[in-house]
Amino acid sequence: MNAMESFTPFASTLGGILIGAAAAGLLLFHGRIAGISGIAGGIFRRESGDVSWRVMFLVGLFSAGLAWSYFFPQDYAFDISRSTPVLIVAGLAVGMGTQLGSGCTSGHGVCGIGRLSKRSTVATISFMITAAITVFIVNEVLGGSI
Amino acid sequence: MKIKIGAFLGGLLFGVGLAIAGMTQPAKIVGFFDFSGSWDPSLAFVMGGAILVYTPVYRWAMRSWQRPIWAPTFLLPTRKDIDWRLISGSAIFGIGWGLAGYCPGPAFTSVGAGSKEALTFGLAMLLGVGAYQLFIRLREGRTGTRTDEHAAAMIDG
């Protein structure tokens, strides 16, 4: 697939607006940061009264995929070539990295930059750089299929 | 109960936004970082759209709201220091993100969509999250105090 042909400025901006609205809603109603890795990590801390909303937010995310894929299964296509061991290594890196680094694309990249947080801006630059280097190595050195 | 329903609706809206934005397709994430190939700038538009909505709401809430609607206080990050955990943890996350094209949000919602790749990735991700949190809990148990690592682990998002 030619990626430039799949560039979706309008749909991506609209999707971003919905993501921003969801994050804004969580802030206004519950006073929390909509960082998915932070929401997930907090479940393991098991602090009383602070677990169920986290689980329900993730159930909401899961349900969105369940319902949306019924109508638009192509939106969940996995059109890159990755072996199971690579997916496992990637998952472990994302799981541990986001906990050590206190956030991910949503917590740092959207909410953090949105709050003009210096920490989140540094974190976002950090994960953007290593993601770009990783993709360069995968595509240009390893031939795109790992 | 209303907090639980609200959180569910928040996750639902977030997940639909991710799908419309194209962020549940790892090829679009990899495409954003593929500067040497055919670049797909979509991710920047997603983040831009989200920040465009979030920033004014956040500033308005901080300026004019005493408290959120359903909670006694805003629980927001307070740390300002840049430490090695922030930078190295984010760097590790970026490697995983570049490898699989999934960050946590799209991974959870793609598992709901029945993606086998997302399920494999997501289980490993939860293992990573759980292992880190368990490690921090064990350290706290030994010292009997909440460590700053633990506080830092969740405070940004």
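Restricting to the stretch B:76-118, what's the tally of residues that are outside any helix (DSSP H, G or I), surrounded by 18 or more Cβ atoms within 10 Å (Cβ to Cβ) and out of contact with any Pro (no Cβ under 7 Å at 6 or more places or on another chain)? Break it down stepwise before answering.
We begin by selecting, within the stretch B:76-118, every residue outside any helix (DSSP H, G or I); these are B:76-83, B:101-103, B:113-115.
Then keep just the ones that are surrounded by 18 or more Cβ atoms within 10 Å (Cβ to Cβ); that gives B:76-77, B:101-103, B:113, B:115.
In the following step, the residues that additionally are out of contact with any Pro (no Cβ under 7 Å at 6 or more places or on another chain) were identified as B:76-77, B:103, B:113, B:115.
Looking only at that region, the number is 5.
With the condition kept exactly as written, say whether any residue in the stretch A:40-58 is of a type in the set (A, V, I, L, M), out of contact with any Gly (no Cβ under 8 Å at 6 or more places or on another chain), surrounded by 24 or more Cβ atoms within 10 Å (Cβ to Cβ) and under 16 Å from B:G10 (Cβ atoms).
Residues of the stretch A:40-58 of a type in the set (A, V, I, L, M): A:40, A:43, A:51, A:55-56, A:58.
Restricting the remaining residues to those that are out of contact with any Gly (no Cβ under 8 Å at 6 or more places or on another chain) gives A:40, A:43, A:55.
Filter once more, so that each one left must be surrounded by 24 or more Cβ atoms within 10 Å (Cβ to Cβ): A:40.
From what's left, under 16 Å from B:G10 (Cβ atoms): A:40.
Yes: one or more hits.
Can you name every residue in the stretch A:112-122 that is surrounded by 16 or more Cβ atoms within 10 Å (Cβ to Cβ) and either under 14 Å from the mean Cα position of the chain (by Cα) or not aliphatic (A, V, I, L, M) (or both)?
Within the stretch A:112-122, A:G112, A:G114, A:R115, A:S117, A:R119, A:S120, A:T121 qualify.
What are the pairs with Cβ atoms under 9 angstrom where one residue, in the stretch A:30-43, is at the interface with chain B (Cβ under 7 Å from one of its Cβ atoms) and hydroxyl-bearing (S, T, Y) and the other, located anywhere, is crowded, with 24+ Cβ neighbours inside 10 Å and part of a loop (DSSP other than H, G, I, E, B)? Sequence gap at least six, or different chains.
Short answer, once both residue conditions are applied: A:S37/A:G101; A:S37/A:S102; A:S37/A:G103; A:S37/A:C104; A:S37/B:C103; A:S37/B:G157.
Every residue, every condition in (1) more than 27 Å from A:H30 (Cβ to Cβ); (2) facing chain A (nearest Cβ under 7 Å); (3) buried (at least 24 other Cβ atoms within 10 Å of the Cβ), yes or no:
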{"site": "B:G6", "(1), (2), (3)": "no, yes, no"}
{"site": "B:L9", "(1), (2), (3)": "no, yes, no"}
{"site": "B:G17", "(1), (2), (3)": "no, yes, yes"}
{"site": "B:Q25", "(1), (2), (3)": "yes, yes, yes"}
{"site": "B:V30", "(1), (2), (3)": "yes, yes, yes"}
{"site": "B:S36", "(1), (2), (3)": "yes, yes, no"}
{"site": "B:L43", "(1), (2), (3)": "no, no, no"}
{"site": "B:V46", "(1), (2), (3)": "no, yes, yes"}
{"site": "B:A50", "(1), (2), (3)": "no, yes, yes"}
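B:S88 is checked against (1) within 19 Å of the chain's Cα centre (by Cα); (2) at pLDDT below 95 and fails just one. What number does that condition carry?
(2)
Would you check which residues across the stretch A:88-103 are touching a Cys at 6+ places or on another chain (Cβ under 9 Å), touching a residue at least 60 places away in the same chain (Cβ under 8 Å) and not small (G, A, S) and list them? It would help to see each step written out before you state the result.
Step one: filter the stretch A:88-103 for residues touching a Cys at 6+ places or on another chain (Cβ under 9 Å), giving A:94, A:97-98, A:103.
Now narrow it down to the ones that are touching a residue at least 60 places away in the same chain (Cβ under 8 Å): A:98, A:103.
Listed by number, the list holds a single entry, A:T98.
Could you list all residues from the stretch B:21-41 that are farther than 16 Å from B:G98 by Cβ and either touching an Asp or Glu at 6+ places or on another chain (Cβ under 8 Å) or touching a residue at least 12 places away in the same chain (Cβ under 8 Å) (or both)?
Of the stretch B:21-41, the ones farther than 16 Å from B:G98 by Cβ are B:21-22, B:24, B:38, B:41.
Scanning the stretch B:21-41 gives B:A21, B:G22, B:T24, B:S38.
What number goes with the only condition from (1) at the interface with chain B (Cβ under 7 Å from one of its Cβ atoms); (2) outside any helix (DSSP H, G or I) that A:V94 does not pass?
Among (1) at the interface with chain B (Cβ under 7 Å from one of its Cβ atoms); (2) outside any helix (DSSP H, G or I), the lone unmet condition for A:V94 is (2).
Out of the residues in the stretch A:93-111 that are farther than 12 Å from B:Y102 by Cα and among the aliphatic types (A, V, I, L, M), which is farthest from the chain's Cα centre (by Cα)? Talk me through it step by step, then tell me what you get.
The initial filter retains those residues of the stretch A:93-111 that are farther than 12 Å from B:Y102 by Cα, namely A:96-103, A:106-111.
Add one more test, that the residue is among the aliphatic types (A, V, I, L, M), and what stays is A:96, A:100, A:110.
Details: A:M96: 14, A:L100: 16, A:V110: 10 Å.
Only one residue fits best here, namely A:L100.
The values are calculated or read from the model by the stated rules, or taken from the named source; none is laboratory data. On a predicted model such as this, the values are computed, not experimentally measured, just so you know. Methodologically, a virtual Cβ is constructed for each residue, glycine included, from the backbone with ideal geometry; neighbour enumeration extends over all protein chains shown.
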